[in-house]
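Note sheet for the following structure.
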Amino acid sequence: MALTYTPKGDLGSKAPPFSLLGTDGKTHSLAEFSDRLGLLVIFMCNHCPYVIAVQERINELAKKYGPLGIGVIGINSNDPVKYPDDSMEEMKARAKEQGYVFPYVQDLTQDVAKTYGAVCTPDPYLYENVGGRFLLASRGRIDDSWKDPSKVTQTDLANAMDAILEERPVEEESIPAMGCSIKWKD
């Protein structure tokens, strides 16, 4: 497990399109979220301890903010050959076990992760829908205690989502997310 931190996001940049197969058997794309006020694109996986520690928090964000207008999609870009825990079968099991209320999709070619510049899991990108285009509003950590939810004092991602819903700028400087490096194919 190589600990990796996210670089600063290019705020205001447009979300690259994607079309990926989900654990629900459906293909999910950026376009399906066009009616949303915002979209959280989070690169995640099954085996990373950093994701395991926050997977319930990700799902809670989706439960809270989905009905308010912010979509959530989880993208697994890890090599499932070298990391069988990240296979589609295991992703389906995890999504069911955790009761994910958001699409959990697989980036088998790893092209989506490369296009986004994702480096680790979890790697959250929060976009605001501005005139039909998703523009990067925040890229950084979920909160200030990746390991222990009872010690969270700063809810960075929720604060940024609130700003989008309240139609005000995301004011906080993004603090890098940290996690396992994406497991790239050779």
**Message:** Here is a check on your reading of the model: is ASN76 surrounded by 22 or more Cβ atoms within 10 Å (Cβ to Cβ) and within 13 Å of the chain's Cα centre (by Cα)?
**Reply:** yes
**Item:** Filtered residues of the range 132-148 (kept if part of a loop (DSSP other than H, G, I, E, B) and basic (Lys, Arg))
**Value:** ARG141, LYS147
**Request:** List the number of the failed condition for LYS96; all other conditions in (1) closer than 19 Å to LEU20 by Cβ; (2) buried (at least 17 other Cβ atoms within 10 Å of the Cβ) hold.
**Result:** (2)
**Condition met for ILE142 (among the β-branched types (Val, Ile, Thr), surrounded by 15 or more Cβ atoms within 10 Å (Cβ to Cβ), touching a Cys at 6+ places or on another chain (Cβ under 8 Å) and modelled with pLDDT of 95 or more)** = no
**Prompt:** Going by the structure shown, is SER87 modelled with pLDDT of 95 or more, surrounded by 15 or more Cβ atoms within 10 Å (Cβ to Cβ) and not basic (Lys, Arg)?
**Reply:** yes
**Request:** Under 6 Å between Cβ atoms, at least 6 apart or on separate chains: pull out the pairs that start in the range 174-186 with a residue that is closer than 19 Å to ASP10 by Cβ and in contact (Cβ under 8 Å) with a residue 24 or more places away in the chain and end on any residue that is hydroxyl-bearing (Ser, Thr, Tyr) and surrounded by fewer than 20 Cβ atoms within 10 Å (Cβ to Cβ).
**Result:** PRO176/TYR5
**Prompt:** What are the residue pairs meeting all of these: first residue in the range 6-30, first residue of a type in the set (Asp, Glu), second residue not in a loop (DSSP other than H, G, I, E, B), Cβ atoms under 7 Å, and 6 or more apart or on different chains?
**Reply:** ASP10/LEU136
**Residues located in the range 1-11, provided they are over 17 Å from ILE75 (Cβ atoms), modelled with pLDDT under 80 and either in contact with a Leu (Cβ under 9 Å, 6 or more places away or on another chain) or aliphatic (A, V, I, L, M) (or both)** = MET1, ALA2, LEU3
**Asked** Which one is nearest to the chain's Cα centre (by Cα), of the residues in the range 109-132 that are buried (at least 16 other Cβ atoms within 10 Å of the Cβ) and among the hydrophobic types (A, V, I, L, M, F, W, C)?
**Response** LEU126
**Request:** Report the residue count in the range 1-28 for those that are closer than 24 Å to ILE52 by Cα and of a type in the set (Phe, Trp, Tyr).
**Result:** 1
**Item:** Single match in LEU61, LEU30 (criterion: among the hydrophobic types (A, V, I, L, M, F, W, C) and either in contact with a His (Cβ under 8 Å, 6 or more places away or on another chain) or closer than 21 Å to ASN159 by Cβ (or both))
**Value:** LEU61
**Message:** Please go through (1) farther than 15 Å from LEU126 by Cα; (2) in a loop (DSSP other than H, G, I, E, B); (3) at pLDDT below 95 for VAL81 and return the number of the only condition it doesn't satisfy.
**Reply:** (3)
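Somewhere in the range 19-36, is a residue under 22 Å from ASP144 (Cα atoms) and touching a strand residue (DSSP E or B) at 6+ places or on another chain (Cβ under 7 Å)?
Looking for residues that are under 22 Å from ASP144 (Cα atoms) and touching a strand residue (DSSP E or B) at 6+ places or on another chain (Cβ under 7 Å), one finds none in the range 19-36, hence no.
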**Message:** Taking the criterion of being surrounded by 19 or more Cβ atoms within 10 Å (Cβ to Cβ), in contact (Cβ under 8 Å) with a residue 12 or more places away in the chain, among the small types (Gly, Ala, Ser) and assigned to a loop (DSSP other than H, G, I, E, B), would at least one residue in the range 149-168 satisfy it?
**Reply:** no
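The values are calculated or read from the model by the stated rules, or taken from the named source; none is laboratory data. A quick note: this is a predicted structure, and the numbers were derived from the prediction, not measured. Positions of Cβ are backbone-derived with ideal geometry, glycine not excepted, and every protein chain shown enters the neighbour counts.
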